[in-house]
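Below is one structure, written out as structure tokens, with a few remarks after it.
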Amino acid sequence: MKELTKRQRRVLEFIQDQQDSAGLVPTYREIAAHFGFNSPNAALAHIKALRGKGFLRNQPGRARTFQVVNPNAPKNRLRPRILSVPIFGSIPAGLPSEAAQEEEGCVLIDVETLGIKPTARTFGLKVRGDSMLGKNIVDGDIAIIEHGLAPRPGDVVAALIDDQVTLKTFLVQRGKPYLRAENPRYRNLIPREELQVQGVMVALVRKRK
């Protein structure tokens, strides 16, 4: 691997520290804010340089996510068992609301610990709200979602209900699907027109404090 400049090494160390302490790769904005860069473009320039020198690599098929290459391992070998999952914004675990999905970095997961095998259809959503406390899902968690799985009653799902998104428990009553909150403060959600499951939660990541 090529030598790093002092600033590049500091950026790499920051990314590694965030990865080790929080399990998350920081976004360009977070990197820019940490180092006082004027814009995320400056952070992007450092990321490109670190990629070019072999210290970072892109997640295959995901242009805006990256992974730290283990400097002590053979070139282009990643840390064993650690895989990167893109974070596509947040999802309300409370009242449904409109939400646009946009990549916000990625979360690194230990596949052996969580017992899942991420695919190209696996993504993360930051949980916002307290309606799923009964499932031990709290505000700030990252729900790991698998798109394309057929939901079974009792599964926690990311769902689009009457054009608004939410994270809830999927249930069926008398042949009709509905969503249940795991907090008595919130009512069941019965679709007026449409309920579309966007993905099933297969794991949960909690940021260490």
- Spot the failing condition for L204; the list is (1) touching a residue at least 40 places away in the same chain (Cβ under 8 Å); (2) surrounded by 19 or more Cβ atoms within 10 Å (Cβ to Cβ); (3) not in a loop (DSSP other than H, G, I, E, B), and only one is missed. (2)
- Item | All positions within the stretch 168-209 that are of a type in the set (V, I, T) and over 21 Å from S97 (Cβ atoms) | V172, V202, V205
- Quick one: is G140 within 30 Å of P40 (Cα to Cα) and part of a loop (DSSP other than H, G, I, E, B)? yes
- Query: Is it fair to say R79 is under 22 Å from the mean Cα position of the chain (by Cα), among the charged types (D, E, K, R) and at pLDDT below 75?
  - Reply: yes
- Message: Name the single residue that is surrounded by the most Cβ atoms within 10 Å (Cβ to Cβ) among those in the stretch 154-180 being assigned to a loop (DSSP other than H, G, I, E, B) and at pLDDT 95 or above.
- Response: D155
- Please name all residue pairs, on different chains or six or more residues apart, with Cβ atoms under 7 Å, provided the first residue is in the stretch 39-53 and is in the same structural domain as L12 (by TED's automatic domain parsing) and the second residue is aliphatic (A, V, I, L, M) and at pLDDT below 85. I47/L56; L50/L56; K53/M1; K53/L4
- List every residue pair whose Cβ atoms sit under 7 Å apart, with the two residues 6 or more apart in sequence or on different chains, where the first one lies in the stretch 142-158 and is free of Cβ contacts under 8 Å to residues at least 24 places away in the same chain and the second, anywhere, is surrounded by 18 or more Cβ atoms within 10 Å (Cβ to Cβ). P153/F170; G154/T169
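The values are calculated or read from the model by the stated rules, or taken from the named source; none is laboratory data. All of these numbers come straight from a predicted model, not from anything done at the bench. In this analysis, Cβ positions are derived from the backbone assuming ideal geometry, glycine residues included, and neighbour counts consider all displayed protein chains.
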